Amino acid sequence: MAIANESHQEEKNMHEHHGAGRYWLIWGVLLVLTVVTVVTGRMHLPNFGLLLALVIATVKGTLVALYFMHLSEHRGANRIVFGVSIVFVVLMLVIPLADFGTRFRGANPPGSQYSDLQPPDIGTGAQRGRFGGGLRPNQTKDTPETPEPGHH
Amino acid sequence: MQSSAHTADGTANVPRLAAHFASLEVQNHAARLGMWLFLATEILLFAGLFVCYGCYRFLFPEAWAAGSRSLDLFWGTVNTIVLITSSLTAALAVHYAKEGKNKMVGVMFALTLVMAMGFLVIKYFEYHHKFEIGTLPGRYYFYEGMQLPGITLYFTVYFCSTALHALHVVIGMTVLAVAMVRAFTKKDFGPNNYTMVELGSMYWHLVDLVWIFLFPMLYLV
């Protein structure tokens, strides 16, 4: 029985087997899309730049999954696993964004576009950042003192 | 056709069928499904960083625009092309494994590994430049050319996501190197035995897939 199965398997593999030309074609399409996304990205389109870049990336990702990863030839279970994980990624992204966009302004991080509060000084000066926000004693004279939070 | 199933001892390159599978076909299907489940967890791992990116970009759009313009778009594009081409050679390796052309499988994986090394070398120079000018995460940031609220978060997300991706490149290279050595020494890949090549190649395509999204997110928008 095992032998019969193996020869059947080989026949089936050879039936699914196709020329290498398809891979080269997908590769060419991916390169063209890369050039398109770089050119449109450099234009810094104001409103739909991010959307366009994500659409192009999604098309490229779909081509890789369908043809390089052979998802187009696979049966149900493999597709469901992949599709469901994408759905959950979208959910995980959309819900926190909706939260940040609709919450009480004072609860957003200070300095962000949805807050009216001043950004905190987290010590990103040229001298202090080098030492992880800590100052070396001989360099304190070049860097202004960080005011206490209460002094604003 | 050089199918090894027709060589002298018939069963030389047929993989062992575990007792709990009805047939080789079922066994291969289970292996593939297991790989897809693993890749789904990998996608969700990177998704955590994508959500960080999305939330902080939403809160600090100016810092995000300034940060992405400070990256070197030329080398980012070169790296994208290198990775897409390495994905092509990995896909061709599966193609040749199905035909039993073990030498070509080895050559294709060797090319993939060379391009992966190239990717890491370019990434090293990009990192080196950032350590020089001080566009570093959090409180280690000391670049005076950009002082915006949220700019340190951009570089936190940049370093976390590219470093996690680079770790996956190294893991993928290890997997492909093992398959390459086997193709050159044991030479037993064929129409009935290519699961190892196929699954290793699928991992490599995932690495490519993640970079396809990271590249426009970090360098372009």
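The values are calculated or read from the model by the stated rules, or taken from the named source; none is laboratory data. From a predicted model like this one, the values you see are computed outputs, not experimental measurements. Glycine also receives a Cβ, built like all others from the backbone with ideal geometry; neighbour counts cover every protein chain displayed.
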> A:Ile56 passes all but one of (1) surrounded by fewer than 16 Cβ atoms within 10 Å (Cβ to Cβ); (2) under 13 Å from the mean Cα position of the chain (by Cα); which number fails?
Replying inline: (1)
>> Out of the helices (runs of 4 or more DSSP H) lying entirely within the range A:1-64, which hold 3 or more residues that are closer than 30 Å to B:Asn192 by Cα and modelled with pLDDT of 85 or more?
In response: A:21-42, A:49-63
>> Just to verify a result, which residue in the range B:52-72, among those that are surrounded by 17 or more Cβ atoms within 10 Å (Cβ to Cβ) and either touching a Lys or Arg at 6+ places or on another chain (Cβ under 7 Å) or of a type in the set (A, V, I, L, M) (or both), is nearest to B:Ala166 (Cα to Cα)?
In response: B:Leu71
> Could you count how many residues in the range B:70-129 are closer than 23 Å to A:Ile26 by Cβ and not hydrophobic (A, V, I, L, M, F, W, C)?
Replying inline: 16
> How about the range B:100-142: which of its residues are in contact (Cβ under 8 Å) with a residue 24 or more places away in the chain, within 30 Å of B:Arg57 (Cβ to Cβ) and outside any helix (DSSP H, G or I)?
Replying inline: B:Thr135
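Rundown of residues vs (1) within 21 Å of the chain's Cα centre (by Cα); (2) surrounded by fewer than 17 Cβ atoms within 10 Å (Cβ to Cβ); (3) among the aliphatic types (A, V, I, L, M), yes/no style:
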position: B:Thr80; (1), (2), (3): yes, no, no
position: B:Leu83; (1), (2), (3): yes, no, yes
position: B:Lys103; (1), (2), (3): no, yes, no
position: B:Tyr127; (1), (2), (3): yes, yes, no
position: B:Leu136; (1), (2), (3): no, no, yes
> In the set B:Gly172, B:Gly134, which member is within 14 Å of chain A (Cβ to nearest Cβ), closer than 27 Å to B:Ala97 by Cα and not charged (D, E, K, R)?
Replying inline: B:Gly172
> Do we find a residue being part of a helix (DSSP H, G or I), modelled with pLDDT of 90 or more, under 17 Å from B:Thr162 (Cα atoms) and more than 7 Å from chain A (Cβ to nearest Cβ) anywhere in the range B:83-96?
Replying inline: yes
> Given the conditions (1) in a loop (DSSP other than H, G, I, E, B); (2) over 30 Å from A:Asn78 (Cα atoms); (3) touching a helix residue (DSSP H, G or I) at 6+ places or on another chain (Cβ under 7 Å), and given that B:Gly145 satisfies all but one, which numbered condition is not satisfied?
Replying inline: (3)
> Going by the conditions given, is B:Leu206 closer than 25 Å to B:Leu33 by Cβ, among the hydrophobic types (A, V, I, L, M, F, W, C), touching a residue at least 24 places away in the same chain (Cβ under 8 Å) and touching an Asp or Glu at 6+ places or on another chain (Cβ under 7 Å)?
Replying inline: yes
> Here are some residues: A:Pro119, A:Pro96. Which one is facing chain B (nearest Cβ under 7 Å), surrounded by fewer than 18 Cβ atoms within 10 Å (Cβ to Cβ) and either of a type in the set (Phe, Trp, Tyr) or out of contact with any Gly (no Cβ under 6 Å at 6 or more places or on another chain) (or both)?
Replying inline: A:Pro96
>> Suppose the filter is surrounded by fewer than 21 Cβ atoms within 10 Å (Cβ to Cβ) and closer than 21 Å to B:Trp211 by Cα; does B:Val107 pass it?
In response: no
> With (1) facing chain B (nearest Cβ under 7 Å); (2) at pLDDT 85 or above as the list, and A:Ile80 as the residue in question, which single condition is left unmet?
Replying inline: (1)
>> Just to be sure I understand the filter: pairs with C-beta atoms under 6 Å, separated by 6 or more residues or on different chains, first member in the range A:46-75 and farther than 29 Å from B:Glu62 by Cβ, second member among the small types (Gly, Ala, Ser) and at pLDDT 90 or above. Which pairs pass?
In response: A:Phe68/B:Ser87; A:Phe68/B:Ala91; A:Leu71/A:Ala65
